[in-house]
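Quick notes on the structure that follows.
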Amino acid sequence: MELITPRVPQIDWSGGFPRHWNGGDPVATHFFNALSFLFPRGERFFVEQARELGGDDAAVRDFGAQEAIHAHQHAQYNAVLVGQGYENVSDELARRLEARAYRIFAPLTRLAVVCAYEHYTAALGDYILRDRRPLERADPRMQLVWGWHAAEETEHKAVCFDLYRAVGGGWLRRVLVLMLVTMNFSRLFWRLYLDMLRRDGSFSLRKFFPTVAGIAWNVIGPGGVGWPMARAIVRYLNPWFHPWNEDNRAAMQAWLDANAARLRRIRA
Ligand SMILES: [Fe+2]
Ligand SMILES: [Fe+2]
């Protein structure tokens, strides 16, 4: 089993951050902001599912510690966004989807939901760790919070998947659940992302086409996030898929080493 270390990034959120912290570009900024709005509720749900089926496992405990710190950091991040006039317009839908998952899914299926989300966060983390472009022009604090989250999502990427297999989870369930998660997550994300851009006036007559072109560039341009996401889906369909079949520990460790001074380790 991999060693998993919970860390706290040394960020003072009280001073806030610039509205368009990612290179002055609303399209590039709100892509990350929308994800941040979605994290705390999701991460609490993930931890509940993992604890329900693997409560006494050491890796599950450390996974839970990392996700709890992520949720706490992103809650502070999101409070700044609210102060800037943005609103988590997907939260009510997320709450309803969560309630429905508890109503209609067995614990093993809910764990498959977590595996699907963890697969996407790991793919996004890998994208952030390997490709400098998405955060190249970002505020240093935001480079830190996103790099830290990416590194820890990489570090714990197999915990829920290993638990899922250990408690009898199979291929068909995880693949069907990935499709469901992909649809639901797309609804949550795009509603939020477009709303944040709308609040900035990015869809005014003058800015409409540059904004749409910017979104398209960020998703399907060279270096766009759509490519690693599409690849993630294809990889997950493989019956022999395992998160560590793609070993990106070196990229993770390089980032952690370079930023060690700005991270407080909770345990050795
Ligand atoms: Fe996380
Ligand atoms: Fe995670």
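Mind sorting Arg96, Arg199 by how few other Cβ atoms lie within 10 Å of their own Cβ, fewest first? Could you put the intermediate results ahead of the total?
Numbers: Arg96 10, Arg199 16.
Ascending number of Cβ neighbours within 10 Å: Arg96, Arg199.
Both radii come from the Cα set of region 164-219: Rg as radius of gyration, Rh as Kirkwood radius; their ratio Rg/Rh reads 1.27.
Volume of the convex hull of region 130-230 (Cα atoms only), normalised per residue: 136 Å³.
Could the peptides 188-195, 81-88, 107-114 be put in order, highest first, of the mean number of other beta-carbon atoms found within 10 Å of their residues? Each step should come with its number before you reach the end.
On the way: 188-195: 18.1, 81-88: 15.0, 107-114: 21.8.
Top of the packing list down: 107-114, 188-195, 81-88.
In this label model, Phe209 and Met229 are separated by 2.5 nm, measuring between points 7 Å along each Cα→Cβ vector. Say R0 is 41 Å: what FRET efficiency, to the nearest 0.05, do Gln84 and Asp56 get from their beta-carbon distance? So the FRET efficiency works out to roughly 0.45. Using equal-weight Cα scatterers in the Debye expression, the normalised intensity of region 1-134 in log10 at q = 0.14, 0.15, 0.19 Å⁻¹ is -0.75, -0.86, -1.28. For Ala138, the residues whose amide H sits under 5 Å from its own are Gly23, ignoring neighbours fewer than 5 places away on the same chain, with H placed 1.01 Å from N.
So if the hydrodynamic radius of region 55-95 is defined as the Kirkwood radius over C-alpha pairs, what does Stokes-Einstein give as its diffusion coefficient at 10 °C and 1.306 mPa s, in µm² per second? Please list the in-between numbers first.
Values: Rh = 12.1 Å.
The diffusion coefficient I find is 132 µm²/s.
For region 156-194 and region 1-47, compute the distance between their C-alpha centroids and round to whole Å. Cα centres, region 156-194 to region 1-47: 20 Å. With the convex hull drawn over the C-alpha atoms of the chain, the volume per residue is 123 Å³. For the pair Arg262 and Thr182, label points projected 7 Å from Cα toward Cβ lie 3.4 nm apart. P(r) tail, region 131-176: Cα-Cα pairs separated by more than 14 Å, 64% of all pairs.
Axis angle, to the nearest 10 degrees, between helix 107-130 and the longest C-alpha principal axis of the chain: 50 degrees.
In the chain, a dipole from Cβ-located charges (positive for Lys and Arg, negative for Asp and Glu) runs towards its positive end, and of Leu180, Leu194, Gln143 it is Leu194 whose Cα lies farthest in that direction.
Quick note: the coordinates plus some simple rules give every number you see, no bench work behind them. Because the structure is a prediction, the values reported are computed rather than measured. Because the Cβ atoms are built from the backbone with ideal geometry, glycine has one as well, and the counts that use them run over all protein chains shown.
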